[in-house]
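Where a number appears in this text, it was derived from the coordinates with a stated rule and is not lab data. This is a predicted model, so every value here is computed, not measured. Here the Cβ positions follow ideal geometry from the backbone for every residue, glycine too, while neighbour counts run over all protein chains shown.
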Amino acid sequence: MHGQRGTMDRRTLLEGAAGVGAALATGLGMPAVLRAQSDALRVGHLTPLTGFLGPLGEYAVMGVTLAVEEINAEGGVLGRRIELISEDSVNPSTASTKAQRLFERDGAACIIGEISSASGLAIAEVAGRNRKLFFNTGCNSDALRGASCNRYMFHVEGANSMYVKACGQALLRDGMVEGKKWFSFTADYAFGHDLFKVADRFVQQHGGKFIANELVPTDATDFSAYILKVRQAQPDLVVSNLAGNQITNFIKQYKEYQQPFPIAGFGFDTAVAWGAGPEAMQGVWPCLWYHTIDTPSSKKFTEAFTQRWKKPPENQAWGDYNAMKIVAHAMEETGKTDSDSLVEHLEKGAKFDVMKGREGYFRAWDHQLMMEMYTMTPKQKGEMTDPWDLMVIGEAVPAAGEDLEVIAPSKEENACTFA
Amino acid sequence: MQLVFILEQILNGLLAGSAYLLIALGLSLIFSLGGIVNLAHGAFYAIGAYLAVEIGNRLGFVPAFILSPILVGLLGILVERFLFRRFYRADPILSLLVTFGLAMVIEQILRIIWGAAPIPFAIPSYLSGLLFAGGLIYPYYRLAILGVTVLAVLGLWLLLNKTAFGRIVRAGVQNPDMVGALGISLAPVMATVVAIGLGLAALAGAALAPIRGVHPAMGSEVITAAFVIVVIGGLGSFWGVVLAAVIVGIVRGLTVQFFPPAEQASMYLLMFLILLLRPRGLLGERFERLEA
């Protein structure tokens, strides 16, 4: 709808400009160009709104919408209003088609979003071909930053390595790694496979091992048969490399079967924990951002979001909100909206307030946002102030004084060369 | 040792299958009598779950478990009166399209009211805990679901086989024209059948809400499995559906034991094999009006 109306606008505009040009018989195309520039700046947003990642996609849309509203209320970017075109990315092939349409037909300056690593790769390929920016706000797969990296793709979402190493710090501290037997549940698609690979590398480096890795279909809803296999295997730790609704189902049913083996996760979004509820929630989980993080910008965002959407933001809302703000900020700083200028600017290490203790920046060689991560554990039910106050957030990882890069994948682990 | 694991998975499969059974029975009933392939059946399962959460948070678990299916059953009467009734004699493709649209509309309504993210609902404390039986474990809650399913199946069987109402339904399934010629109107019967069918789906939704994520798309997660069960069991066959649900539960459990990535696929492979050997399904009957 947006696009169609847009095409009409542009056509009318060009016809009008051509008419003026013909009347003056000067052949000057300039007015048309100038008027087109004062037009709204289109930004594409693709994220899964249906399927097992749909619950997260809804937060993504709320986050990016709020960011656009705030930017437009302050006069837009370089004097231009932002026009957001947000759509359901559905699956990799649809995501690819829609990305192509956003760039070619709608003239989007960049695309923000996505959660599925498989769809993220599809969008990145289209972005690369069109030499336009794609800000990944929800795909964790290391491969997207490594083997499949792309000069036009920037990652606001943390990489799998960052999640594993953040949660891994807590597990090392609790003595759950060395000499321990881990049992893994892995989401059976690009993200899960990548996460297991990273987790396996981590546990081997620290003297533990995986004794099983169960690949779970993304639409699995009954985990009873899987939990029986955990009981058969008697591991020291059960590790969730699951995604989306899988995690809610797994946590609820693991609680139902009351197994004595502790659980931890390497992939996580708070929405799935809220869905599991305080009675079922358990384990140690990594976390990108949580609304109780106590920094001025974090509080401000939480307040604005809660006022706008009547519930606190989730980490996926954080991702899409920040990506939009980063894009706008970079455009203001450079005075340009073309992707090549922005890539150059971001690669120079521009810093951004990402609502955490320290500022973040994009690493030049793989375009990953360097930032603090956290771990979280469930709160006692009596201490919760509201249903969203479900988790207790741990210290930031890396600790103050440590380089932000220590949790990110190294060049040896995840080499990236921009073509 | 391995044998024990297999036995464990088979017994667990029985429990897992019972969850699908409540959904599949209603689906089968509406299809057999009205000729409507109700693609929105899963959506009513989702409504049942959401209503159970809302009622449960206010009045407690047991009222939720009872009221939610009744409310959805009443909703079913409206759906029958204003929607299904127009399509009994129509080309099946029309009812297919209508119910597909209805499923999407309901899913969106759930999304607008409750949001896309799953909402929490816990097992009541008196039903949590495990039964240990000779090294095997059963959560009390799943045993309770099994008990409710058995009661629902028996109740439905008695209704269909031991009452005047049931005789009309069974006659209608076999030959609606003859029933009409005898001066019996199927329309009021259909309203009850749809109410029961959707009520059973809601009962499944209420029962599974504490152990599965309650989210708008939860209906589409179960609808395919329910269809597979109806097809495997055989059209119009009550016990065929029951048997198929149990078999599908066991096959999926065993697949998880040996090759988890094929968990979903195993069900379709089973359907493929059974249809090759018995095109009418396990206990399917011959229907004049469905023969080409």
request  = Would you be so kind as to identify all helices of chain B, as entire DSSP H runs, whose Cα atoms reach 27 Å or more along the helix's own axis and whose mean Kyte-Doolittle hydropathy is at least 0.5?
outcome  = B:2-34, B:61-82, B:92-114, B:140-162, B:187-208, B:238-258
query = When DSSP beta bridges are limited to those with both residues in chain A, what percentage is antiparallel, rounded to the nearest 5?
reply = 25 percent
ask   = If you rank A:Ile326, B:Ile55, B:Ile184 by fewest surrounding Cβ atoms within 10 Å, what's the result?
value = B:Ile184, B:Ile55, A:Ile326
request  = Using only Cα atoms, find the angle between the long axis of helix A:190-205 and the longest principal axis of chain A, and express it within 0 to 90 degrees, rounded to the nearest 10.
outcome  = 50 degrees
key: Cα long-axis angle, helix A:245-256 against chain A (0 to 90 degrees, to the nearest 10)   = 20 degrees
note = Under a Gaussian network model of chain A whose springs join Cα atoms within less than 10 Å, the largest fluctuation of A:Ala273, A:Ala73, A:Ala243 belongs to A:Ala73
query = Taking springs between alpha-carbon atoms closer than 10 angstrom, which of A:Asp142, A:Asp200, A:Asp269 fluctuates most in the Gaussian network model of chain A?
reply = A:Asp200
ask   = What does the average come to when, for each residue of peptide A:229-239, you count the partner chain Cβ atoms lying within 10 Å of its Cβ?
value = 2
ask   = What Kirkwood radius, in Å to one decimal, follows from the Cα pairs of chain A?
value = 22.2 Å
Ranking of B:Leu25, B:Leu273 by count of other Cβ atoms within 10 Å, fewest first = B:Leu273, B:Leu25
key: Whole-Å distance, taken between Cα centres, linking the range A:156-232 and the range A:315-340   = 33 Å
note = To the nearest 10 degrees, the tilt of helix A:224-233 (Cα long axis) against the first principal axis of the alpha carbons of chain A is 50 degrees
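Please report Rg over Rh for the range B:2-290, where both radii come from the alpha carbon positions and Rh follows the Kirkwood definition.
Radius of gyration relative to Kirkwood radius: 0.97.
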query = In deg cm²/dmol and to the nearest 500, what is the mean residue ellipticity at 222 nm of the protein assembly as shown if only DSSP H runs of at least 4 residues count, each as -39500 (n - 2.57), divided by the residue total?
reply = -18500 deg cm²/dmol
note = Long-range amide H partners of A:Glu83, meaning residues 5 or more apart or on another chain whose placed amide H is closer than 5 Å, are A:Leu41, A:Arg42, A:Val43
ask   = Counting other Cβ atoms within 10 Å, which trypsin sites (Lys or Arg not before Pro) in the range A:306-378 have at most 15 and lie in a DSSP loop?
value = A:Lys310, A:Lys336, A:Lys348
ask   = Roughly how large, in nm² to one decimal, is the mean projection of the convex hull of the alpha-carbon atoms in the protein assembly as shown?
value = 36.0 nm²
inquiry  = Counting other C-beta atoms within 10 Å, and keeping those with at most 16, which DSSP coil GluC sites (Glu not before Pro) do you find in the range A:41-85?
reply    = A:Glu74
key: Partnerless Cys - the protein assembly as shown, beta-carbon criterion under 4.7 Å   = A:Cys110, A:Cys139, A:Cys167, A:Cys287
task = Pull up the DSSP beta bridges for the protein assembly as shown and report the antiparallel fraction as a percent, rounded to 5.
result = 35 percent
remark   = Per GNM of chain B with C-alpha springs under 10 angstrom, the most fluctuating residue out of B:Ala201, B:Ala52, B:Ala171 is B:Ala171
request  = Give the distance, in whole Å, between the Cα centre of the range A:51-100 and the Cα centre of the range B:139-179.
outcome  = 49 Å
